[in-house]
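The structure appears below as structure tokens.
The values are calculated or read from the model by the stated rules, or taken from the named source; none is laboratory data. All values reported here derive from a predicted model rather than from experimental measurement. Cβ: placed from backbone, ideal geometry, glycine included. Neighbour counts: every protein chain shown.
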Amino acid sequence: MELSQRLYTRLHKVERDIAVMFMVDMSGSTKGWINDAEREALVPLCEALEILGDRCAIYGFSGMTRKR
């Protein structure tokens, strides 16, 4: 049995499937206004993603020195 050449298929995606991860430098080199600016920028970003129904996560990383 052969499939008809008149078969029409289409991918119709009705839902977004996006996840976002933000990595924030929390080391001593970003103390003060830089760290504050990072946090203040993340708030509206995460709020916008929440409104869209997307998942997001915020991770912070820090190192004591390059030797540790």
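Which residues, taken from the range 15-29, are closer than 23 Å to residue 45 by Cα and either of a type in the set (A, V, I, L, M, F, W, C) or touching a Ser or Thr at 6+ places or on another chain (Cβ under 9 Å) (or both)?
Correct list: 18, 19, 20, 21, 22, 23, 24, 25, 26, 27.
Go through the range 17-48 residue by residue and tally those that are over 13 Å from the mean Cα position of the chain (by Cα), part of a loop (DSSP other than H, G, I, E, B) and either loosely packed, with under 10 Cβ neighbours inside 10 Å or of a type in the set (Val, Ile, Thr) (or both).
Going through the range 17-48 one residue at a time, the tally reaches 1.
The conditions are (1) at pLDDT 80 or above; (2) part of a loop (DSSP other than H, G, I, E, B); (3) among the β-branched types (Val, Ile, Thr), and residue 51 fails exactly one of them. Which is it?
(2)
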